[in-house]
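No value in this document is a laboratory result; all are computed from the given coordinates. Being a predicted model, the structure only gives us computed values, none of them experimental. All Cβ positions, even for glycine, are placed from backbone atoms using ideal geometry, and neighbour counts span all protein chains on display.
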Amino acid sequence: MKKIIALLLALTMVLGLAACGGSAPAATEATQAPKADTPATEASAGEAATIKVAAIETGYGAQMWRDVAAAFEAETGIKVELTTDKNLEDVLSGPMQNGEFPDVVHLAIGRPAGLTEQLIKANALHDLDNMLSTTIPGETKTPADKIVGGFTETSITSPYGDGKTYLAPMFYSPCGLFYNAKLFEEKGWEVPTTWDEMWALGDKAAAEGISLFTYPTTGYFDTFIPTLIASVGGTELWESISNYEEGVWDTPEAQKVLDVIAKLATYVHPNTPAQANNQDFTKNQLMVMTNDALFMPNGTWITGEMRDAEATLTNDFAWGMTALPGFDANAAPYAYCWFEQAWIPAAAEHVAEAEQFVAFLYSDKAAEIFAASGAIQPIVGVAESLEGENKVFYSIYDNGAKACMGAFAAFGEIPGVTVSDTFFAPIDSLVSGSITIDDYANLVKTNSAQMAAAKLS
């Protein structure tokens, strides 16, 4: 009971901050707090349990969750009380402060309110190792048998580095640079494979009044910067930087990363920083569609997000996507693999049934339902059935690109220091000229040293 009270007090504080619009810590910033006791509550004899499932409504829509819940009920007899909302944090924060937790939540890291991050910070997630070895309802395999290798061992799914999985990898999305393939076809331009080619194309496009680059918000650099790092020094350099190794930012490889960021800032459309917010970010995305900018970092969800805007275009348009340019024409390019997450609160009432539901999310039936809405599970072989744009996007790893995954290592709370404010948010200031690349580098080095000292083992 003392553990539960401690958990609720911790959540009351962090959720209160989120509800008041306070800045959320980065996805991997976590502090240890007591775990709640999590006994499963058994349904009365002869009575099917009812689990509460809460899922964020995104561009994929809510109907897929209704269909999956119905399929799970039909397979198991376990009832599902489903909540979907575009602002799920607002729906959940009040009840959770009062000790009322869903049994399953689908809510990825990186959201402005940072609710998932807050649960990580409070050590308030149930570990999913048992779920991974649970036989999927209606099948003979387990989720561990079906999930693509590497997804359950990332710093996102295993934020404490203790060898346990706390967040189940859900819909994945190759991330890269998106562009108007029709414009490149019309101009006879080749998609750059090296940064030298990228700068040359930027100069050519500028002569025609087109900016080389834009970005929706600086938050989208959470995929760009890790990929850029990997393209310089492989995943080994990304691992060193994401774990805040001493002196890593003073290496020649890290200097290459800084040089690209500095130069790229000079090629960004001048309106981008002013529109790089949660209200106007689609205006920046539209720049690529209207040929005002050539490239932007994004993920495969962009097609659904901008479908209505695409219908209003007067120019020829078709989505193209490429991995980041390399520094060596002979080196394999990298493309970040972003994915959403589902989790079970440590204070869930029906843990056993919740584990069955999460396991069912990897069933052939659920994968089919999700895929029909464009939400692709990281399940072995699932991409083979895709068509159209999705086939193009998800084949990027089949066409020579290497996957970059993971996030900056978890660390205890440091006043005024977050991953986002250190690595991503200053890009706006670089573009506007209010800070220099040396200012950015000094911030990165200073904060990385603090993160290293506070890193959770």
Would you pull out the residues with amide H under 5 Å of M170's amide H, same chain only if 5 or more places away, H placed 1.01 Å from N? E340, Q341, A342
Å³ per residue enclosed by the Cα convex hull of the stretch 53-95: 52
The list (1) 81, 69, 50; (2) 56, 49, 49; (3) 75, 47, 38 gives values of Cα extents along the principal axes in Å, and only one came from this structure; which label was calculated from it? (3)
With θ set to phi - 60°, apply the Karplus curve 6.51 cos²θ - 1.76 cosθ + 1.60 along the stretch 382-387 and write out the HN-Hα couplings as whole Hz, x wherever there is a Gly or Pro. 5, 5, 5, 8, 7, 9
Expected sort for M296, M64 with the fewest Cβ neighbours (10 Å cutoff) up front is M64, M296
For L125, L430, L258, what's the fewest-to-most ordering of other Cβ within 10 Å of each Cβ? L258, L430, L125
Plugging the Kirkwood radius over Cα pairs into Stokes-Einstein for the stretch 189-257, at a temperature of 4 °C and a viscosity of 1.567 mPa s, what D comes out in µm²/s? 94
Compute the length gained on full extension between A453 and E208: take 0.36 nm times their separation in residues and subtract their Cα-Cα distance, giving the result in nm to one decimal. 83.3 nm
At R0 = 35 Å, how high is the FRET efficiency between N130 and S395 if r is their beta carbon distance? Nearest 0.05 is fine. 0.55
Listed by chain and number, the residues whose amide H is under 5 Å from that of Y336, excluding neighbours fewer than 5 places away on the same chain and using placed H, are C175, C404
Could you order peptides 240-249, 381-390 by the average number of other Cβ atoms within 10 Å of their residues, highest first? 240-249, 381-390
Over the chain, what relative contact order in percent results from Cα pairs under 8 Å that are six or more residues apart? 27
